[in-house]
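The structure appears right after this line, and notes come after that.
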Amino acid sequence: MKKLLTYLIISASIFLLVSCDKPAPTQLVDDSTDDFEVELLNKDLENQFSITGSDTSGITQDLTGITNLVSVSGIKITTDVRTSYLSLAQAMFFNKSKPIKYSDGRLLAYETETPGLIKFNGTEANIVPHRIRYRDMGMPKDTLIGNKYLLYNIFGGYPDPFYFPYNASISFEFIPFIGGNTVADNIPTPEEITGTVTLTGRRINRTLEAVLNWNPGVNKKVSVIVGLIRENEVSSVPLYKFRTADDGRMRIPKRLINKIPLERFEKIVFTFVRSYEAYTNNGNNTLLVSSQSIHSIVIDIP
């Protein structure tokens, strides 16, 4: 079980993808000759920001501008040994009056709170600690920022009876502890995505090239997130996010892969994401509802 849970960490689909110096949420790489958009997610591979245990949400926004988050995911993680199947549901409420900052005063995150009960498909979510990992002045830190709501399912039944249904919907209920009315809604889910990666060339002579294929869907766009894993580590460092037509094929040019300092890393992770997202606003409160089909493929760098 412990080995399987580490693959929740090595998926490249990071919950919050910002570097140590907090680049703009959309920082496009000049790549106008190709039929896709590419966003640089991490300018500094040595000072990356990550959130432990939330890597499989498929969400790449900087959530410091959002008050509430509800996210559900159907996940596949493929290594050279096996493909693991997971279902994940989570919710977070950020308290904007309680910021958490880097030592130099920059905003890192907000504390979280749990103001009620939450159910997904009738199953009450667990309230669990929410920790973040980050680097501050070059030093790694691990900080508890509050609690979050969580359900997850591995091997089709453990530990929670929550199953992500593709191309369907998931019921969501929020029951406040003090006052207020119950909020109920249905979250639509996308079609399942299944990808393959053909990685050719060698890093030693900088000839690596990746050809990606997946089952085409009705979505107009899919995302592909590329991350890297150091030797003897399980956490991935996200690097690129691509947006391309959901037509089933994409080639990542050599010039983008081979400019990476690959000698520092052992594995490369390609994460296919087909998602549904919706925002609602109520005064100063912003709710992001997200559901996604995710397939992460972990490959040794040749």
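Since every read-out is calculated from the coordinates, none of them should be taken as a lab result. On a predicted model such as this, the values are computed, not experimentally measured, just so you know. Positions of Cβ are backbone-derived with ideal geometry, glycine not excepted, and every protein chain shown enters the neighbour counts.
What the table shows:
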quantity: Cα-based equivalent ellipsoid of the range 140-297: semi-axis lengths in Å, sorted from largest, via gyration tensor; calculated: 35, 21, 16
quantity: For Lys98, distant residues with modelled amide H under 5 Å away; calculated: Glu111
quantity: 5 angstrom amide H check on Thr194, placed H, neighbours 5+ away; calculated: Asn215
quantity: Likely footprinting exposure, Ile294, Ile299, fewest C-beta neighbours within 10 Å first; calculated: Ile299, Ile294
quantity: Derived scalar couplings ³J(HN,Hα) [the range 99-111; Karplus, 6.51 cos²θ - 1.76 cosθ + 1.60; whole Hz; x for Gly, Pro]; calculated: x, 10, 10, 5, 5, 8, x, 6, 6, 9, 6, 10, 5
quantity: Other-chain or far-sequence residues with amide H under 5 Å of Asp246's (modelled H); calculated: Lys221, Val222
quantity: GluC sites (Glu not before Pro) restricted to the range 207-302 and DSSP loop, no more than 15 other C-beta within 10 Å; calculated: Glu231, Glu233, Glu266
